[in-house]
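We did not get these values from a lab; they are worked out from the coordinates using the rules stated. In this text, all values refer to a predicted model and were calculated from it rather than measured experimentally. For neighbour counting, all protein chains shown are included, and Cβ atoms are generated from backbone atoms with ideal geometry for every residue, glycine included.
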Amino acid sequence: MTGRVGKTRNIFLVWLVWPLITLGIYHLVWYYKVNREARDFDNRIEVQPGMAVVAIALGWILIVPPFISVYNTGDRIARMQRAAGMEPTCNPWIGLILVFVFSLHPLYYQHEMNQIWALHGNREEGEHVPLAV
């Protein structure tokens, strides 16, 4: 079984710089890409990236959906780490708590994903790699 490598991103650019420059639009784009990369890395991870974005963008109307989506994204990253043969270090509860601490969850989640991509060395984005589990 194989999966596709995602993109290593600078965690501070993801968390602060690009969202500020784009007035928050980048956060939605990043969130879509992270969830798409989860699906592309391990096809056992079921996610509709567009729906994940809708949950955080419009879900505030119902209060609960953004929090569920952020938690589920952290869970997906932990599952990706397991599939890569790593001990899962991404904790979705920490990601959820970080939503309330300067909205640090993108920084945390991107750091966790970068560890997966670092495990595969100098592979190009989209390149297929074997999964451990």
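Just the Kirkwood number for the chain, please: inverse of mean 1/r across all distinct Cα pairs, in Å, one decimal. It would help to have the intermediate numbers written out before the result.
Numbers: mean 1/r = 0.0677 Å⁻¹.
14.8 Å is the Kirkwood radius here.
Stretched out fully, how many nm does the piece from N122 to R82 gain, at 0.36 nm a residue minus the Cα gap?
On the way: separation 40, 0.36 × 40 = 14.40 nm, distance 2.01 nm.
The N122-R82 span can extend by a further 12.4 nm.
What spacing in nm lies between the two simple spin-label points modelled at V17 and T2, each 7 Å away from Cα in the Cβ direction?
Calculated label separation equals 3.3 nm.
Can you list residues whose amide H is under 5 Å from G3's amide H, if they're 5+ apart or on another chain and H is modeled 1.01 Å from N?
Amide H to amide H, under 5 Å and 5 or more residues apart or across chains, G3 pairs with V129, L131.
Below 15 angstrom from the Cβ of N10, what's the summed charge of the other residues (Lys, Arg +1; Asp, Glu -1)?
Details: positive: K7, R9, K33; negative: E112, E125.
Overall, the nearby charge balance is +1.
Between the stretch 2-71 and the stretch 73-103, what is the separation of their alpha carbon centroids in Å?
Measuring centre to centre over Cα atoms gives 13 Å.
Quote to one decimal, in nm, the extra length available between W60 and S103 on full extension: 0.36 nm per residue of separation minus the C-alpha distance between them. Present the calculation step by step, with values, prior to reporting the outcome.
Numbers: separation 43, 0.36 × 43 = 15.48 nm, distance 1.47 nm.
Value of the extension gain: 14.0 nm.
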